[in-house]
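Single-structure report; data block below.
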Amino acid sequence: MVPIFVALLSYHHWVAFAIGYLVFAAAAITDYYDGKIARARNLVTNFGKLLDPVADKVLLAAGFVMMMTIPSAASPEGPALHIPGWTVVAILAREFVVTGVRSLSASEGVVIAANNYGKAKAVIQMVYVFVFLFFTVVEHAVVAWSPASASTYHSYLYAISYWAIVAVATYTVYSGAQFLRANWKQLHLGSSA
């Protein structure tokens with residue numbers, strides 16, 4: 001579903017954004033139920049433990065990157081949301097580090113599942129994308145139906161999206177630090193063997 005989501009958000013029209021939002025929601029919901037069904041039926045595998053977090057990361061990374069490219073309907077020369085590049089870099093860097101640690105551990109026969117910090121981080125990131133992609137679609141609708149209100153709406157959305165993504169990036173980095181702290185001994189980075 002990620003390529004479809006990316007293609008839809010690359011087409012700058014509110015209908016494409018709305019359908020893209022639905023595709024993102026469908027991908028997130030099916031991912032959630034896939035894990036829930038696997039646990040309920042005792043179908044949890046090491047492959048799933050490794051692949052499921054990667055699928056989540058790819059979906060969320062696509063969401064953050066594509067949301068940076070959505071133009072404002074009220075001010076088309078600028079973006080709809082204020083998502084500084086450093087916040088997305090911090091989010092992606094954390095994901096690369098954690099994935100690298102998991103790969104290193106897996107090469108030694110140790111599978112590291114997501115901890116509570118990582119699960120909370122995924123929920124916070126997902127909520128950000130759901131909420132602000134929705135409000136971006138709404139902005140395009142506001143411009144169509146009430147152009148006089150569009151500038152005010154955009155100002156609030158732009159400011160709130162900035163502080164929200166800063167909070168998301170901060171917690172994401174914090175969760176990565178907690179992951180490293182919890183798994184540091186398993187990495188054997190200081191040993192020569």
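Every number here is computed from the coordinates shown, using simple stated rules; none is lab data. Please read these numbers as outputs of a predicted model, since none were measured by experiment. No Cβ is skipped: glycine too gets one built from the backbone with ideal geometry, and neighbour counts run over all protein chains shown.
Odds and ends about this structure:
- FRET efficiency for the Asp34 to Ser151 pair, using the beta carbon distance and R₀ = 30 Å, is estimated at 0.10.
- Rounded to two decimals, the Cα radius of gyration of the chain over 2.2 N^0.38 Å is 1.15.
- Neighbour counting of Cβ atoms within 10 Å sorts the residues Met67, Met126, fewest neighbours leading, into Met126, Met67.
- Ranked Lys185, Lys121, criterion: other C-beta atoms within 10 Å, fewest first: Lys185, Lys121
- Environment charge at Asp31 (Cβ cut-off 9 Å; Lys +1, Arg +1, Asp -1, Glu -1): -3
- Inter-label distance for Phe130 and Arg41, nm, one decimal - labels placed 7 Å from Cα along Cα-to-Cβ: 2.4
- With contributions of -39500 (n - 2.57) from each DSSP H run of at least four residues, the per-residue ellipticity at 222 nm computed over the chain stands at -28500 deg cm²/dmol.
- Per-residue Cβ neighbour counts within 10 Å put Ile124, Ile165 in the sequence Ile124, Ile165, beginning with the fewest.
- Across region 48-169, Cα pairs under 8 Å and at least six residues apart give a relative contact order of 39 percent.
- Burial order of peptide ranges 140-147, 69-76 (average beta-carbon count within 10 Å, highest first): 69-76, 140-147
- If you wrap the tightest convex hull around every Cα atom of region 50-95 and split its volume per residue, you get 54 Å³.
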